[in-house]
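What follows is a short report on a single structure.
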Amino acid sequence: MDAICSALAYAEFKRATGDGTVLAARCGNTNERIDYVLHRFGFEPPIFLSDVSPRVEDVMETTVITAQSEEPIFHALSQMRASQIRGLPVIDRTSRCIGLLSTHKLTDYLLLKEPNPACTVHASLADIRESLDACVAAGVPSSQPEIYSLLVAAVAEKSFCSLLEGAALRTTIVIVGDRPRIIELAAEAGIGALLLTRGYQPTEAVLKLCKKNGTVVFLTALDTSSTLIHIRSAIQACQMLDEKFQALSADLPLEEARRTLALSSQSTFPVLGQDGVLLGVFSKSDFLKPIPRQLILVDHNELSQAVVGANEIPIIEILDHHRLGSISTETPILFVNRPVGSTCTIIATSYQTAQQPIPTNVAGILMAGLISDTLNLTSPTTTAVDRQILDHLAHITKINPARLAEEIFAVGSPLLTLTSQQAITADCKEYRERGCAFTISQIEEISFSHFLEKRESLLTALEMYRLEHGYLFSALLVTDVNTQNSLLLMRGDENYLRQIDYPSEDRFIWQLDGIVSRKKQLLPYLSGLIANQYRPVPTGFAATL
């Protein structure tokens, strides 16, 4: 209750003081009492986050430059050059990623495979015109891809005529410069396209003949070698795909991605969603980006109690009233740790320090958290500050604290409404002392009337939980808020359990009269037993004079 209510109230405080980016979150389930309080004061439970580890989606590029499968690679090359990227996802009409274009493969195709007079290209005349930025002097370029033979007219007239005799004329493109007779022969033959380089202008007679024979005439300012490269870049992206590529999922943890991609030679990694739909792209340089998420911890300051992944993102504030753990940060942060009975007390004093009025509904949940954590000011953790704050909150809400306490503790007995597994983990804190890890959970009841029927299953759940995580022991403190007494259930190392000197009610169960506080009464006692267990035994010696 204290953790949930203080998170919600502090998020409201941050928004009221100008930080609209803060969201309250939880890493565990609520219970009937918490749900009752939140509903009573008009709040929804904080968002549930079981893991805040940085993921691919946190740093991937979502404004993605792509190529369509039927798009000329000339477009893709232009985009890659303008954006200074080495890989480009290729998508189909449903935005599904079908492969990658890489500068390495494109360069090999365009430059390292030297063109020759007999080379071919599978492209449309319309795309060839666009790749050349050429003018059309005659005919209408088709948009239907064909396999065209590229014939560079760099031979003698007689040899050129021989080449034409053996060519499929309608799928032949003749590339020629300032050679009028060669141009006339090509036009007379009725080839598919005539490409004139270096801005050469054909005669009207040639254009008339080309129109008659259905020959498309292109005019380009490029030289012959550049023209060949541009023609070859008119092929569609689907012809140059790397279909075997490594893709990532958006929710892949960055640490796992780092291990996965360490030895990969691929430069760009598509991030895919359902059915292969492209969500973004990831590159190795994205590992250097800051994570767009930070943490404020309330009601705890030990990483063993924090949400999974808390050690991987910046923690910028901590507000707590428990013992100090071993947490460390890279930069100075706001750390408020006060020996009061409730974190809600600290949040309320934050409002007061900032001279910020506490809204009535926020005052209500602060009251509930304070009452719950101090057992309505009867816990030994209660301080004068808690009493002053509760009076102040009661004045704002016009609610009698005693009446609210009755309402809270009358709702939802944990022993009745939770399974044994849920009961031992609902409010469970992990601690570490002298290299030993252990857990202490606590539930509050208005009597022990339901305890007898659940005791064996609770002990079994504790032992299974302890063994699963390798703890020295796992404990559950069941507190009667009316009598201010507790029962302690523990499963753990036999040598350790033998040290407990509270009255034993049964095997693995002890009677703790007057003990209601986990942090101030029980934890110091159990930690002291660990210290006793590992205290060096003095070695005797004899001395002679």
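No lab work stands behind these numbers, since they all come straight from the coordinates. It should be emphasised that the depicted structure is a prediction, and the values quoted were computed from it without experimental measurement. Note that each Cβ is placed from the backbone with ideal geometry, even for glycine, and that neighbours are counted across all protein chains shown.
Quote the convex hull volume per residue of the chain, based on C-alpha atoms, as a whole number of Å³. Before the final figure, lay out the partial values.
Details: hull volume 144.9 nm³, N = 545.
Per-residue hull volume (Cα only) is 266 Å³.
Neighbour counts of other Cβ atoms within 10 Å put His392, His122, His450 in the fewest-to-most order His122, His450, His392. What is the list of residues in segment 397-441 whose amide nitrogen lies under 19 Å from a point 7 angstrom out from the Cα of Thr483, following Cα to Cβ? Flagged as within label range: 409-410, 413-416. Taking 0.36 nm per residue of separation and subtracting the current Cα-Cα distance, fully stretching the chain between Lys284 and Arg338 would add 15.1 nm. When peptides 162-171, 58-67 are ranked by their average number of other Cβ atoms within 10 Å per residue, the highest-first order is 58-67, 162-171.
Based on the mean of other Cβ atoms within 10 Å per residue, sort peptides 94-107, 470-483 so the most packed one is first. Can you show the working numbers first?
On the way: 94-107: 17.9, 470-483: 20.4.
Ranking the peptides 94-107, 470-483 by packing returns 470-483, 94-107.
Summarising the label geometry, the points placed 7 Å from Cα in the beta-carbon direction at Lys398 and Leu49 lie 3.7 nm from one another.
Across segment 256-289, the residues whose backbone nitrogen lies under 20 Å from the label position 7 Å along the beta-carbon direction of Thr107 are 264-269, 283-285. When peptides 523-529, 412-418, 199-205 are ranked by their average number of other Cβ atoms within 10 Å per residue, the highest-first order is 412-418, 523-529, 199-205. Screening the chain for whole DSSP H helices of 18 Å or more along their axis (Cα) with average Kyte-Doolittle hydropathy at least -1.0 returns 2-16, 360-374, 384-397, 455-469. In the chain, the calculated helix contribution to ellipticity at 222 nm averages -10000 deg cm²/dmol per residue, counting -39,500 (n - 2.57) for every DSSP H run with n ≥ 4.
Taking label positions 7 Å along the Cα-Cβ direction at both Glu330 and Glu157, the computed distance is 7.6 nm, reported to one decimal. With the cut-off at under 12 Å, measuring from each backbone N in segment 73-98 to a point 7 Å along the Cα-to-Cβ line of Asp242 picks out 86-90.
What is the gain in length, in nm to one decimal, between Thr360 and Ala168 on full extension, counting 0.36 nm per residue of separation less the C-alpha to C-alpha distance?
So the chain would gain 60.4 nm between Thr360 and Ala168.
On the beta carbon distance between Glu505 and His469, with R0 = 22 Å, the FRET formula returns roughly 0.25. Taking 7 Å steps out from each Cα toward its Cβ at Glu453 and Leu263 produces label points 5.9 nm apart. When segment 130-180 is described by a simple charge dipole with +1 on each Lys and Arg Cβ and -1 on each Asp and Glu Cβ, the residue from Ala156, Ile173, Ser131 located farthest towards its positive end is Ala156. By the count of other C-beta atoms within 10 Å, a proxy for reagent exposure, Cys135, Cys210, Cys428, Cys344 are ordered fewest to most as Cys135, Cys428, Cys210, Cys344.
In Å, the Kirkwood hydrodynamic radius of segment 418-533 over pairs of distinct alpha carbons? Mind dumping the intermediate values first?
Values: mean 1/r = 0.0710 Å⁻¹.
One decimal place: 14.1 Å for the Kirkwood radius.
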